[in-house]
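The values are calculated or read from the model by the stated rules, or taken from the named source; none is laboratory data. The shown structure was predicted, so the numbers you read here are calculated from the model rather than taken from an experiment. Please note: Cβ atoms are built from the backbone with ideal geometry, for glycine as well, and neighbour counts cover all protein chains shown. Just so you know, the surface numbers come from the protein's heavy atoms only, side chains and all, with ligands and any DNA or RNA stripped out. Shrake-Rupley method; radii C 1.70, N 1.55, O 1.52, S 1.80 Å.
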Amino acid sequence: QPDDRGLIGDVPVLRVTRRGPEALHFVPAALEPGVEVLLSLDWERRFDHMQQHSGQHLITAIAEQMFGFKTTSWELGRQRSLIELDTPSVTAEQVEALERSVNEKIRDRVPVTVRELEADDPDIETVRSRGLPDDHVGPVRIVDIEGIDSNMCCGTHVSNLSDLQVIKLLGTEKGKKNKTNLVFLAGNRVLKSIEQSHSTEKALTSLLKNGPGEHVEAVRRLQSSVKLLQKNNLNLLRDIAVLIARDFKSKPAPQQLFVLHRKEGDSEFMNIIANEIGTEETLLFLTVGDEKEAGLFLLAGPVEAVENLGPRVAELLGGKGAGKRGRFQGKASKMSRRGEVQALLEEFISYQSP
């Protein structure tokens, strides 16, 4: 269970840990010894932990009684909690029956009490336990859910199951080998989850222009439309790439450098242009993506020129790349420096020319 937070006087408590029988409080400022202070507990945090922890005890006990599923560990998360059950699978019907049973116990207003026993008390052998820490000293704390469970525990709990309000089991997830994780919410977390789901539902209703029962089908239709549009867009980009290359090759005077940037292009778009133009004599510098920030680049041309210039082009564009056989391509983070790359290539060609 996570630690409590709050204030010592007006100094916030950042963390609390245990050292033997002592609780160590971490604070950002020194406290004057001997001064009386008011301790203020973050009750919302504490009560949330109480609801989740008592909820775990209840679910664990009923799961073992109903199905023989033993709890091997659990985790109190920030938004949801997990109980690791020692079973390779749990059916949907078992989850439903377990949820129904634990909520019946909540409606029965079963008391939850705490008692302390000496370490050598024989009653300790009758309670559920994972064992005491090696550095434990003093009495042993037992949390009892009347008629349901007795468990060795040092956590904070509600005084009656009615304080849990409700438990919602969100289903199961695959756990470690031959184990299953049961996901749950208790108390106020259930209300917050419903509120969040309702807000999402309202937003989707407004965007999709239909009722909640039609949301899933509406999203499926949108996904199909997007896939079709993406496919058509790719086909058009391929056609544009071929036309760009043919236009370049149709010019009467051959050019040694070809530079092009297209925002909506991709790697295939650049490679089609390079294939169509040919790289035996022409040096090509092609880029796609954002005009100033991140994108992709391709340097293609005579093998020796590309091997010499490729790493320098990547460095100028703030990116990384690799290549072989007259092609060097990669990702860039500084597309705004394309002009500097073009100047480098023009200088190279000028130097190479007779």
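Worth pointing out:
- Candidates GLU22, GLU104, GLU201, ranked by Gaussian network fluctuation over the chain, Cα under 10 Å, top entry: GLU22
- A probe of 1.4 angstrom, applied to the heavy atoms of all protein chains, finds ARG221 with accessible area near 130 square angstrom.
- Protein accessible area in the chain, 1.4 Å probe - carbon and sulfur %: 51
- Length gained on full extension, LEU24 to ALA218: 64.4 nm, using 0.36 nm per residue less the C-alpha separation.
- Using a simple spin-label model with pseudo-atoms 7 Å out from Cα toward Cβ, GLN342 and SER267 lie 2.6 nm apart.
- Helices assigned as whole DSSP H runs in the chain whose Cα atoms extend at least 18 Å along their own long axis and whose mean Kyte-Doolittle hydropathy is 0.5 or higher are not found.
- Average accessible surface for segment 131-170: 46 Å² per residue, computed with a 1.4 Å probe over protein heavy atoms with every protein chain in place.
- Entry for Rg and Dmax of the Cα atoms in Å (calculated from the structure that is shown) out of [x] 27.8, 97; [y] 33.3, 101; [z] 20.7, 63: [y]
- Dividing the mean sequence gap of close Cα pairs (under 8 Å, 6+ apart) by how many residues segment 147-291 holds gives a relative contact order of 14 percent.
- Cα shape, segment 229-352, gyration tensor, a/c 1.5 rule: oblate
- The lysines within cross-link reach of LYS231, meaning a Cα-to-Cα straight distance under 18 Å and a gap of 8 or more places when in the same chain, are LYS263.
- Projected label distance in nm at LEU234 and LYS320, using a 7 Å step from Cα toward the beta-carbon: 2.6
- Placing pseudo-labels 7 Å out from each Cα toward the beta carbon at GLU146 and LEU170 gives an inter-label distance of 3.3 nm.
- Mean separation of Cα contacts under 8 Å (6+ apart) over length of the chain, as relative contact order %: 10
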